[in-house]
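Dropping the structure in here first, questions after.
Computed from the coordinates by the stated procedures, all read-outs in this text should not be read as laboratory data. Treat the numbers as computed from the prediction; the structure is a model and nothing was measured. Note that we place each Cβ from the backbone using ideal geometry, even for glycine, and neighbour counts take in every protein chain shown.
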Amino acid sequence: MHWYEEDVQAAIAERQGCRYDPKTIFYGSSSIRLWNKLYEDFDGFKPINLGFGGSTLAACVWFFDRIVSPLKNPDKFILYAGDNDLGDGRHPEEVLIFFREFMIKLRQRYPGVIFYYISIKPSISRLQIIQQIVHANKLIEEELNSRSGNEYFIDIYSKMIGKDGKPIATYFENDGLHLNRDGYILWRETILNECLLT
């Protein structure tokens, strides 16, 4: 896990430099880390961006105590991870195992926080594993639905798929993996709608 160290240090510095007591934690991979207008987009929710590039669900568990745990009493916790696990060749069932491990870690530290999981997005650059993405999303959604408590699945996948069944290109940067501003606007609206309903 040493290859994450530079990004982990940056996330820790982000936390330490926050000028208020964060109430909405955003955590996960580069789709979170690269959200340059996250603080503006969620103004009023007292957000903090603790994403770190390339992170897998396993890495989110591994670094949770260093990056997240010092924060006290958040109201909401929003996670985006699992994308890179599949990109690294992990099977959907393995992603589910890592997700369950993450939820154990989360509930040990924040038993009452409202939790939201953003579904794995359908990236243009990962079309070859699109069925694994669909399957992993289904497993995690079923896992969350089986739980009792403040835990919600945010379906971003279906909103990023066109009528032709392919990812909508206008939401992505040229690399076909990372989101552009239009993609983040879609994410913001979808997350806010979910947060206002729960």
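Any idea what angle helix 130-145 forms with the longest principal axis of the chain, computed on alpha-carbon atoms, 0 to 90 degrees, nearest 10?
With rounding to tens, the tilt is 40 degrees.
Here's a follow-up. Once every DSSP H run of n ≥ 4 in the chain is given -39500 (n - 2.57) and the sum is divided by its residues, what mean residue ellipticity at 222 nm do you get, rounded to the nearest 500 deg cm²/dmol?
For the chain, the value works out to -12500 deg cm²/dmol.
By DSSP, what percent of the beta bridges with both residues in the chain are antiparallel, rounded to the nearest 5?
Antiparallel: roughly 10 percent of the beta bridges in the chain.
Still on this structure, please answer the following. Give the lysines reachable from residue 159 as a straight Cα distance under 30 Å; neighbours fewer than 8 places away on the same chain don't count.
23, 37, 46, 76, 105, 121, 138
In addition: Per-residue counts of other Cβ atoms within 10 Å, averaged by peptide: what ranking do you get for 146-155, 184-193, highest first? Intermediate values should be presented prior to the final figure.
Details: 146-155: 14.3, 184-193: 16.6.
My ranking of the peptides, most packed first, is 184-193, 146-155.
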